[in-house]
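Below you'll find the structure, written out as structure tokens, and then a few comments.
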Amino acid sequence: MERNNSKENVNSMCLMSPQQMHSDKDFKKLEIENSKCLITKSVNLDEAMDIIGFGSFHYYLLFICGSLFAAISISVTSVSFIIPSAQCDFQMTSVHKGILNGASMIGMFFGCFISGYMADSKGRKYTLIVCMLIDGIFNIISSVSQIYPILIFCKLMSGFGVSGVTVFYSYLGEFVSTKNREKFLCWMELFWTLGVILLPCIAWLVIPLTFRIEYGFFLFRPWNLFVIICALPSLIFSCLLAKLPESPKFLLAKGKHDETIDCLKFVYRWNNKTDDDFPVTSLTLPDQIYEKNNSFFNGLYNSILDLFTSKFKIVAINTCVIQFCCTASFYMMVLWFPELMNRFRWYETSYSGPKNMTNMCEIVSLFKIEPEEIDLKCNDEINQSVYENILIIGVACIPTSIIVPLLVNKFGIKLFLVLSFFGSGLSSACLYFITSSFENVVLSSIFEALSSLGIGLVFCISVELFPTEFRGVAVAIGSMFGKIGAVLGNIVVGVFIDAHCMVPIIVSCSLLIISGLLVLTLPRTGRSAIK
């Protein structure tokens, strides 16, 4: 009898919840006792994740996923260097350049649907690996393509692959307890920034090289090597990701109890650097097991239907509108900045008229595109200022990428979302008043830092707003609306930039303010465990 009572006392110690602990000593005592006993009573997954702790496994997981996130950043933005470098090889006109620039966006648009459904049906890790391999493989093929349609197809498929970016936040967030989750997810923005900084550095080192390998129909030049280098991170780090376990919340939502226990054992041993058995032997299964055995398209349709008929439909609609507004504004401005830089450079160096303009629109309206002269020699050189300006804008994003993760637990993710949207909206409005290249670079840097932060934080908060069975599809559909906004935003800029440049500025500012106001309507996050 005494032996049984002793066992019950030990188990009750193992089951002490974080709310029952009054000091760090209690927590350390709990960890010590957990290594000595087995919890035979079923505990929920959140209690089990408190036991595995937060340690070296999570830092390694962040490094792998963050590196893949940086690889996506490089893949998406590398086309801005490929177009001017490859225009002579493919004899690209402005129309051809526009199609190449939009191919990745179209791929991402369709990929969002499929990657979101795959994440909720096949698994987070499985989807990420497949998507990143698609991105890397088709970028490698594009590097040796000699025909323009093949290049377009490869960039389309690469865009399809990078649509898996939305799954990273779900995968990471489901490994972390409530205490560290928001802070942990916010560090992903720093990796995106590092990708933005690394890209012009790689381009600056590789593209100006002068080698030329020609063998019959085959031609290989520096831009081809640049594309290969940009593709390698996706392939390398996706192979490293394959060594990591599937998300425990996804496994348990599918009713895979034993696999969930194995996953937690793996993390526990890594974090605690011990060969001891994981003290939890039984987990409480969710009330409903979500098995999707339908055909692919029926399953995709049912997943979307289930989301927008559930109690989360209002939140889903809000996040879709927020994604549409903030992404439309982001791409309107970011893809417009190089054109603005070019026009300001022309105004400051070549314009011979009176230089007493009072706002940006007056300067922009002076720039007229003259009919191009026939030039027997195609020019595919990239001006050094292009590398420098993109590098400056990337470096400007570092402070916000560091400050937010350090303070998000104290002030909450919603505050930073509102500040980033209102701040970037104000910076876009101030564009009307700039009159020099320097002012343009400064405002471009501020806008890039705040708006890209806001887009990343929307993904972070979406992880907590939706339960496991809807999370992948909800985040992916929001991202899809963002891509629609990006396309429409670019159309607005193209139509109005010359004659009515105030229109894009007003639209961009308004969309960001709407995003900030809608964030205020979202439920509070960071206070409870994700479902």
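The values are calculated or read from the model by the stated rules, or taken from the named source; none is laboratory data. Here the structure is a predicted model, which means the values were calculated and not measured. Because the Cβ atoms are built from the backbone with ideal geometry, glycine has one as well, and the counts that use them run over all protein chains shown. In case anyone asks, the SASA skips ligands and DNA or RNA and just uses the protein heavy atoms, side chains included. Shrake-Rupley method; radii C 1.70, N 1.55, O 1.52, S 1.80 Å.
At a 1.4 Å probe radius, which order do 439, 189 fall into by accessible area, largest first?
Order by accessible area, largest first: 439, 189.
Suppose R0 equals 60 Å; then what is the FRET efficiency for residue 495 and residue 44 from their Cβ-Cβ distance, rounded to the nearest 0.05?
0.65
Sorted by accessible area (1.4 Å probe), largest first, how do 381, 464, 348 line up?
From most accessible down to least: 381, 348, 464.
I need the peptides 298-307, 246-255, 199-208 ranked by packing, meaning the mean over residues of other C-beta atoms within 10 angstrom, with the highest value on top.
246-255, 199-208, 298-307
Through the Karplus equation 6.51 cos²θ - 1.76 cosθ + 1.60, θ set to phi - 60°, convert the phi angles of region 95-111 into ³J(HN,Hα) values in whole Hz; use x for Gly and Pro.
5, 4, 5, x, 5, 5, 5, x, 4, 4, 5, 5, x, 5, 4, 6, x
Non-local amide H neighbours of residue 280 (under 5 Å, H modeled in plane, Pro and chain starts lacking H): which ones?
Under 5 Å from the amide H of residue 280 lie the amide H atoms of 39, each far enough along the sequence or on another chain.
Taking all protein chains as present, what is the carbon and sulfur share of the accessible area of region 184-242, in % to the nearest whole number, probe 1.4 Å?
Roughly 79 percent, rounded to a whole number.
Within the accessible area of region 369-508, what % is carbon and sulfur when the probe is 1.4 Å and the other protein chains stay in place?
Of all accessible area on region 369-508, carbon and sulfur atoms account for 70 percent.
For residue 148 and residue 488 in one chain, what is 0.36 nm times their gap in residues minus the Cα-Cα distance, to one decimal in nm?
Roughly 119.9 nm would be gained on extension.
Work out from phi, with θ = phi - 60° and the Karplus expression 6.51 cos²θ - 1.76 cosθ + 1.60, the ³J(HN,Hα) of each residue of region 193-207, listed in order in whole Hz, and give x for Gly and Pro.
Listing the rounded values in order: 4, 4, x, 4, 6, 5, 4, x, 5, 4, 4, 5, 7, 9, 4 Hz.
Going down the table (249/313; 179/256; 155/254; 179/254; 311/483; 179/483), which pairs top 28 Å between alpha carbons?
In this structure, 155/254; 179/483 lie more than 28 Å apart at Cα.
With r defined as the distance between the Cβ atoms of residue 381 and residue 502 and R0 fixed at 30 Å, what FRET efficiency is calculated, to the nearest 0.05?
0.30
How long is the gain from residue 355 to residue 214 if the chain were fully straight, where each residue apart is worth 0.36 nm and the alpha carbon distance is subtracted?
45.9 nm
Averaged per residue, what accessible area in Å² does region 427-492 show with a 1.4 Å probe, protein chains only?
Per-residue accessible area for region 427-492 comes out at 26 Å².
Could you check the spin-label model distance between residue 520 and residue 266? Points 7 Å from the Cα along Cα→Cβ, value in nm.
4.5 nm
In nanometres, what is the gap between the two model label sites at residue 406 and residue 366, each 7 Å from Cα along Cα-to-Cβ?
4.3 nm
Using the Karplus curve 6.51 cos²θ - 1.76 cosθ + 1.60 with θ = phi - 60°, work out ³J(HN,Hα) for each residue of region 494-503 in order, rounded to whole Hz, and write x for Gly and Pro.
Here the 3J(HN,Hα) series is x, 6, 10, 4, 7, 8, 9, 6, 5, 4 Hz.
Separation between the residue 179 and residue 274 pseudo-spin-labels, each 7 Å from Cα along Cα→Cβ, expressed in nm?
1.6 nm
Could you compute how much accessible surface residue 411 exposes when probed at 1.4 Å, giving the result in Å² to the nearest 10?
For residue 411, the solvent-accessible surface is approximately 100 Å².
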